[in-house]
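Structure, as structure tokens:
The values are calculated or read from the model by the stated rules, or taken from the named source; none is laboratory data. Owing to the predicted nature of the structure, the values given are computational and were not obtained by experimental measurement. Cβ placement follows ideal geometry from the backbone for every residue including glycine, while neighbour counts extend to all protein chains displayed.
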Amino acid sequence: MNWALARHEGWRIVMRLEDLDLGRMRVGAHEAALQDLRALGIDWDGTAIVQSDDLAPYRDALNALAAKGEVFPCERSRTEIRSAASAPHADDAETRYPPEFRPPTEGFPRVIAAWNTNHRLRIEPAPEVVKDEFLGTHTFDPGLEAGDLVVWTKLGVPAYQLAVVVDDARHGVTDVVRGDDLLASAARQQRIAHLLGVAHARWWHVPLVYDDTGQRLAKRHGSHSLRQLRDDGVSAQRVIGWCAWSLGLLDSVRALETKEFLALATPTALRAAVTRVAATPTVFHAGELTA
């Protein structure tokens, strides 16, 4: 959907390999991701950008936030945070950083003294309106939902929320198409962008695909990975056809070329598809590709 929308709208597609989650990176992961896309006929503009190649822009951003007195080092453990009286119960999806754990504002450093320490961004409770091109307008409160966000980790790299804001700004990203599990993150990224004095992208959030247990289809489902499907003899055209069928662009699953998908997946058709899928979530069954 991201690729088709970009090609219809005349956008330049930025290929960014986000590899700052150092504990989970595998050797060869970069090329494997690009191979998956090439196999589906998906292309992009320019050379792929690798986040870990240059950490200077992220350090500059953290220093800018520190100069404003907006970040502070934090050595609290997850257990401490979860057990705090003001935090949600353990079965909640997210634990809010307890405001009483925040040091006095006058103690916030104006210069980053150690890069191998977790740093959090002060997030005060306040509504943040997210206008989404697919899902409409939503209001979040990052300060109440998550509290002070980790923006730098003890591994010496930026956390996701800071990294993507910095990257989107420096790469000139105007539109972001991604899963709706990140809709609340859009509010947090808007808040960070405002503090850094940069523009944020327009948002296009797409409903996720789920497995037959009701869990989102994710990388942990190795048997459903594009590489495994190829190894099992499932053609890229069959995968593309399933994508089109799941969006209501085809009446049944059949092999479909990339250019045929592009012809069907117009912006108008995709808007209608998202409305349908948001009302009735898509569930993936492996047999739909092999039948």
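Summary table below
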| quantity | calculated |
| --- | --- |
| Within the range 49-61, tally of residues that are farther than 15 Å from M25 by Cβ and small (G, A, S) | 2 |
| Top-ranked residue in the range 39-60 [being closer than 12 Å to M15 by Cα and of a type outside the set (G, A, S); ranked as surrounded by the fewest Cβ atoms within 10 Å (Cβ to Cβ)] | T47 |
| Answer residue from the range 114-131, given it is in a loop (DSSP other than H, G, I, E, B) and in contact (Cβ under 8 Å) with a residue 24 or more places away in the chain and is nearest to C74 (Cα to Cα) among those | N118 |
| Residue match in the range 196-216 (condition: in the same structural domain as V71 (by TED's automatic domain parsing) and assigned to a helix (DSSP H, G or I)) | yes |
| The lone exception for V150 - which of (1) crowded, with 20+ Cβ neighbours inside 10 Å; (2) closer than 28 Å to A29 by Cα it fails | (1) |
| Pairs where the first residue, in the range 225-236, is over 15 Å from A32 (Cα atoms) and without any contact (Cβ under 8 Å) to a residue 40 or more places away in the chain and the second is surrounded by 13 or more Cβ atoms within 10 Å (Cβ to Cβ) and aliphatic (A, V, I, L, M), C-beta under 7 Å, 6+ apart | S235/A255 |
| Selection count, the range 8-29, where residues are part of a helix (DSSP H, G or I) and surrounded by 15 or more Cβ atoms within 10 Å (Cβ to Cβ) | 1 |
| Residue in the range 182-203 that is surrounded by 14 or more Cβ atoms within 10 Å (Cβ to Cβ), within 23 Å of I49 (Cβ to Cβ) and among the hydroxyl-bearing types (S, T, Y) present | yes |
| Verdict on A263 being out of contact with any strand residue (DSSP E or B) (no Cβ under 7 Å at 6 or more places or on another chain), surrounded by fewer than 17 Cβ atoms within 10 Å (Cβ to Cβ), outside any helix (DSSP H, G or I) and in the same structural domain as F284 (by TED's automatic domain parsing) | no |
| Yes/no for P73 being in contact with a Gly (Cβ under 9 Å, 6 or more places away or on another chain) and assigned by TED's automatic domain parsing to the domain that holds A146 | no |
| When residues of the range 276-291 are limited to those that are outside any loop (DSSP other than H, G, I, E, B) and either touching a residue at least 40 places away in the same chain (Cβ under 8 Å) or in contact with a Gly (Cβ under 8 Å, 6 or more places away or on another chain) (or both), the one farthest from H8 (Cα to Cα) | T290 |
